[in-house]
Amino acid sequence: MKIILAIASYGIWSVVASAQFAAPDADSARSLSGQFVVYGGRLPSVATAPPGLLTNANYLELESSLVAVSCERIKQALWAELDMSGPWSGRIHLTLRAARGEADPVTIISDRFPKGWSYRLELPQFVERKRFVRALVQTLLQEWANRYAGNRPAEIPLWLTEGLTRHLLNARAGELVLPTPRWAVRGLDISPVMIEERHRDPLESAREYLREHPALTVQDLSWPAAEKMSGDAGEAFACSAQLFVTELLRLKGGRDCLRTMLEELAGCYNWQTAFFHGFRQHFSKQLDLEKWWDLQLVHFTGRNPSQLWTVEDSWRKLDQILRTPVEIRRATNDLPAHADVSLQAVIREWDSIRQAPVINGKLRDLELARLRVAPEFVELVEGYHRVLTNFIRHREQAGLVLPVAKFNQPRLKPLTRETLKQLDELDAQRTALRPQLSPALNAAAESSPPLQNNIVPQTPPRNP
């Protein structure tokens, strides 16, 4: 089985083909670990290179022995970021050929053999630094994921390849790729290399860009359109992907989650399934991931006055956050009717097992709203968040998480009474801030039916 990936200026396309690379020759190099074998071939003279490539600082001139060393460096940097270790499984062959122009593609072929997978890359003699690193990152992720594959190779999402590539280039650019020597001094080839020692934030350029341009949504990152992968759209994708990967790795156990995702990719028909398997301790469904991503974006870019909600929207959205959808059955055989109940009803009537996911969801929504509401509502949002946080913390300290802990119930009543009192006070403040809404919005905001004994939490739709 052969799988070919052609990496052009940005996108990656996968096709089945039977192309063959040039046979190995004497001008080859093997990396220290033995995983990378580079075939130089009979490359043309540098003088015959396409105009502009020699003087373009973004392009590299590839040479067999230096490419072998650079491959090892990129692998070590990538494995360090993902906390990976262990012996390699699939050998990676790299063949260098004459460059035809600036948009010369990089081709990756995955071969399936009875004892495992092997990988071959065809690279132009002059290649953009970003595309060279991206090709290695793509192949190394594929090599790791395919260790758990059968006949079908794993699908590596583009956001993961691009996010890790941009992070490595911004964090370790001077360490990854060795340039071809340009000077000869007493028989020694020397190239001037300048490495900036000051530790800079790898996300600095992404932060500057995303403060002026909208970041991509989870949906856009998941299914990037090929025609939008260049220019400003391509830069928005790269910055968003870098931030997305960085924040995933910062989650508790994020590196372990990502490794689990990679290990399960080959057994899933799409990467989304493997993703939610790997990150199941953080995201149970797509909506959880989208809310988390919105919160990361707001934290990352800060409170942008141009993106704040109006006073009317702030009141309405806060009112929605503080209500909980439920299903009401007035009789056992009746179909459920949908309604909303207040936070006070949830705390007063629901047991702790049903309360916990609802209140934790409210806390996340309040954190996001804190960075988007109009200034008049900031203190109010913080108040609701503080009251709910104190309620959860003191309830857990009192041993009230399990409904069987009846001996602790006397300690619950004072906590519940105090929490309800504080929520009532905050509701009074919220009512005082209520703007003059339209009649339709007023009617919707006031329609909150009383709590019934047969009310149950609304079951969210199943994530496809």
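For 277, 338, 385, write out the residues from largest to smallest accessible area, computed with a 1.4 angstrom probe and no ligands counted.
Of 277, 338, 385, the descending order of accessible area is 338, 277, 385.
Under a point spin-label approximation (7 Å from Cα along Cα-to-Cβ), what is the residue 308-residue 349 distance to one decimal in nm?
The answer from the label model is 3.7 nm.
Show me 30-40, 232-242 ranked by packing, highest mean number of other Cβ atoms within 10 Å first. Numbers along the way, then the final one.
On the way: 30-40: 18.5, 232-242: 20.8.
Peptide ranking by packing, descending: 232-242, 30-40.
Ranked by accessible surface with a 1.4 Å probe, highest first, in what order do 117, 309 come?
309, 117
Residues in segment 67-84 near a label at residue 171, defined as backbone nitrogen under 16 Å from the 7 Å Cα→Cβ point?
73-84
What pairs in 75/130; 252/317; 75/285; 291/413 have C-alpha atoms more than 21 Å from each other?
With Cα atoms farther than 21 Å apart: 252/317; 75/285; 291/413.
Where only protein heavy atoms count, and the probe is 1.4 Å, what is the accessible area per residue for segment 227-311 in Å²?
Numbers: 3930 Å² over 85 residues.
Dividing the accessible area of segment 227-311 by its residue count gives 46 Å².
Evaluate E = 1/(1 + (r/R0)^6) for residue 115 and residue 42, where r is the Cβ-Cβ distance and R0 equals 30 Å; express this FRET efficiency to the nearest 0.05.
The value I calculate is 0.40.
Ordering 74, 321 by how much accessible area each has at a 1.4 Å probe, largest first, what is the list?
If we order 74, 321 from most to least accessible, we get 321, 74.
Once phi is turned into ³J(HN,Hα) by the Karplus curve 6.51 cos²θ - 1.76 cosθ + 1.60 with θ = phi - 60°, what whole-Hz value does each residue of segment 380-389 show in order, with x for glycine and proline?
Running phi through 6.51 cos²θ - 1.76 cosθ + 1.60 with θ = phi - 60° gives 5, 4, 4, x, 4, 5, 5, 5, 5, 4 Hz.
The values are calculated or read from the model by the stated rules, or taken from the named source; none is laboratory data. As the structure is a prediction and not an experimental result, all values here were calculated from the model. Ideal geometry is used to build each Cβ from the backbone, glycine not excepted, and the neighbour counts take in all protein chains shown. Surface accessibility is based on the protein's heavy atoms, side chains included, excluding ligands, DNA and RNA. Shrake-Rupley method; radii C 1.70, N 1.55, O 1.52, S 1.80 Å.
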